[in-house]
Amino acid sequence: MNTRFGAIIVAILLIASACTSADSGEPAPAMTPQLSAQLRARAFMRACQDVACSGAPILAPDSTPSSVREAIVELFTDEVEYLSDSQLEERYPSSNRYSQYPDGATWFNVTALDATRRIDVVGVDVWISRGQFDVVGQTYLFLWDGTRWLDTSPDAVDVTVTTSVS
């Protein structure tokens, strides 16, 4: 009986040490404007890579904050064209508003960071459009691993996100 009890205690200690070693890093840092801009730029980059946007014009709203624009240039590309709503409207084909942009462009609108039910996971919503009525909303997640923010997925961190399509 004592051997069984000892084995249970050892098993509990091993499980506890395994759990704490994965969490032995620092808690997530305070979200500064610079860090937020970097994560938003990384979400922009991930969205662009997901839809294979290279080789075609990359568009974003002119309301994109300068800190996010700078982070996009630093982390990804300087080939983003920032457009007003009216400039974006001009890109729609006049004959068929349901078709894609004639030049194959993709428009990305990166929103602010969102908290999740986990304190070590944040999300960024990105609206991706290839035409006026061809829009997808995708949430990109980041996990704090104790030392840095890593790209992650809903399945990997057990966080539910909603994808929107029009």
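The values are calculated or read from the model by the stated rules, or taken from the named source; none is laboratory data. Since the structure is predicted, the reported quantities are computational estimates derived from the model, not experimental observations. So basically every Cβ, Gly included, is an ideal-geometry build from the backbone, and we count neighbours across all protein chains shown. Calculation scope for accessible area: heavy atoms of the full protein, side chains included, ligands and nucleic acids excluded. Shrake-Rupley method; radii C 1.70, N 1.55, O 1.52, S 1.80 Å.
On the beta carbon distance between residue 31 and residue 51, with R0 = 35 Å, the FRET formula returns roughly 0.85. Principal axis extents of the Cα atoms in the stretch 67-166, from largest to smallest and rounded to whole angstrom, are 51, 29, 18.
In the stretch 34-81, the portion of solvent-accessible area held by carbon and sulfur atoms comes to 43 percent [1.4 Å probe, whole percent, DNA, RNA and ligands not counted].
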